[in-house]
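Readers should treat all values here as calculations from the given coordinates under stated rules, not as data from a laboratory. These figures come from a predicted structure and were not determined experimentally.
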Amino acid sequence: MDAAKVLFIKIGLAAALLAALFFVWQWRASLQVDQPIDRGSSNGNYQPDAIVATHTYQDGRHRLAGTVSLPTPCYQMSLDTRIMESMPEQVVLDFSLAPPPPDLTCIQVIDERDFATEFQASPNPVIKARVNGQDVMIVIDDKAGTLKQQTVP
């Protein structure tokens, strides 16, 4: 074979190899995702798995203190305690969670947000929890060494 033909074949093979590497690099770059996986936290539908609280009762007043796991520290949380007249009384801890604005950059770390509420009710009310209108399990330590799990049916 002529030296020019061998050189031409080598240049052609090198160009084909470079083209193949370029396409593989482009394909791998398209697989990488820069956005975090959305588990319902960015669209306002975040629901914690459970709410954990400690319960005390003294002189007709109940006190619940605990934590709610939020997906970022930038979430806003509020709590409204509602007492329903029935026997036994039903108490609903109604949590409202609001995600941060979409243009706000926020660290992606779980935030264990504290809450506390007091209310007057009979000694053994049924305590339930809701987050953004949806039922959530609440685990209550009644300071007597027993844990109770209560959910809204």
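A compact table of results
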{"item": "Rounded to whole Hz, the Karplus (6.51, -1.76, 1.60) HN-Hα couplings of region 94-103, x for glycine and proline", "result": "9, 8, 10, 10, 10, x, x, x, x, 8"}
{"item": "From phi via Karplus (6.51, -1.76, 1.60), per-residue ³J(HN,Hα) for region 49-62 in Hz, x at Gly/Pro", "result": "5, 7, 10, 10, 9, 10, 10, 10, 9, 8, 6, x, 10, 9"}
{"item": "Under-5 Å amide H pairs with Ala50, H placed in peptide plane, nonlocal only", "result": "none"}
